[in-house]
Amino acid sequence: RGAAEWPRSAAARRRGPLVSTAHPPARAGRGEAASMRLAEAGALAGFEPNRRGALWAVRGAARLPRARMRARWEERSPRFEPLDLFESIRWDYRSAGHSPRGHPLEPLREILRSCRLPDARTVQATPHGRRVRYAGLVICRQRPGTASGTVFLTLEDETGFVNVVAWSRVYETHRTLVNTASLLGVTGKVEARDGIVHVVADSFWLPRAVRPPASAPSHDFH
């Protein structure tokens, strides 16, 4: 859809500069859904820094009759609360699949720390044999056919990665959670040998004290 929208946007820009949030849908012949994605992604910040305000204006402009679309957009907008960092990253992921503002868990680090949940860097430095509790975004799930039902997961936060091994029995006990949760908690024992660190899982759980962050689709075996 983005490739189809680009020629219309380029043609609209050649006809002259855009001057308001009404122009993207009106001038480019763009549908409401595409214009809303631009507003959510912050692409209209030059006209309206508040993304909620830009989204409101774009939705209003898309519903105007064509004759009024050509007129200057002067309707007074309501005042919206600006997005905080957590919301900004979430909106970035929802509209573009990534964020230049940081990792989704970064705004939640203080909450995670208050729950005594370490970051990935701390887990990587944990001595062999020590038990840990950790929570991160699931970015990869693997279940090789030669591994006798063992599942390997990679969890991520703003400091790095944690590799998790779930033996078949543990995986089967927590199958639904492991297969569906984007933010996943794990309890287990650290295995650190020859510079390779992973957590052998005893159990999995949801960190319920944490607002669900944004996440990109994981690379899964199923």
Based on what the data block shows, is Arg131 open to solvent by 30 Å² or more (accessible area, probe 1.4 Å) and either in contact (Cβ under 8 Å) with a residue 40 or more places away in the chain or among the basic types (Lys, Arg) (or both)?
yes
Just to be sure, is Arg131 modelled with pLDDT of 95 or more, farther than 22 Å from Tyr93 by Cα and of a type in the set (Lys, Arg)?
yes
Criterion first (of a type in the set (A, V, I, L, M, F, W, C), free of Cβ contacts under 8 Å to residues at least 40 places away in the same chain and either closer than 30 Å to Ala33 by Cα or touching a strand residue (DSSP E or B) at 6+ places or on another chain (Cβ under 9 Å) (or both)) does Phe80 satisfy it?
yes
Failed item, numbered, when Leu137 is tested on (1) over 21 Å from Leu85 (Cα atoms); (2) within 17 Å of the chain's Cα centre (by Cα):
(1)
Test result for Thr146, part of a loop (DSSP other than H, G, I, E, B), touching a residue at least 60 places away in the same chain (Cβ under 8 Å) and more than 11 Å from the chain's Cα centre (by Cα)
no
With respect to the numbered conditions (1) open to solvent by less than 60 Å² (accessible area, probe 1.4 Å); (2) over 21 Å from Tyr93 (Cα atoms); (3) at pLDDT below 70, which one is the sole condition not fulfilled by Ala57?
(3)
From the set of residues in the stretch 164-222 that are among the hydrophobic types (A, V, I, L, M, F, W, C), in a strand (DSSP E or B) and under 17 Å from the mean Cα position of the chain (by Cα), which is surrounded by the fewest Cβ atoms within 10 Å (Cβ to Cβ)?
Leu183
Pick from the stretch 150-163, criterion open to solvent by less than 40 Å² (accessible area, probe 1.4 Å) and in contact (Cβ under 8 Å) with a residue 24 or more places away in the chain, ranking: farthest from the chain's Cα centre (by Cα)
Val151
Only one of Pro107, Pro127 is assigned to a loop (DSSP other than H, G, I, E, B) and of a type outside the set (Asp, Glu), namely Pro127
Quick test of your reading of the structure: Arg79 fulfils all but one of (1) at pLDDT 75 or above; (2) in a helix (DSSP H, G or I); (3) exposed (fewer than 15 other Cβ atoms within 10 Å of the Cβ); (4) among the charged types (D, E, K, R). Name the failing condition by number.
(2)
Please indicate, with yes or no, whether at least one residue in the stretch 142-152 is of a type in the set (A, V, I, L, M, F, W, C) and under 19 Å from Pro212 (Cα atoms).
no
Residue, farthest from Val197 (Cα to Cα), within the stretch 83-124, restricted to residues that are aliphatic (A, V, I, L, M) and either touching a strand residue (DSSP E or B) at 6+ places or on another chain (Cβ under 8 Å) or open to solvent by 80 Å² or more (accessible area, probe 1.4 Å) (or both):
Leu85
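The values are calculated or read from the model by the stated rules, or taken from the named source; none is laboratory data. This one's a predicted model, so the numbers in the text were calculated from it and none came from an experiment. Glycine gets a Cβ as well: all are built from the backbone with ideal geometry, and neighbour counts include every protein chain shown. Protein only, heavy atoms only, side chains kept; ligands, DNA and RNA dropped before computing areas. Shrake-Rupley method; radii C 1.70, N 1.55, O 1.52, S 1.80 Å.
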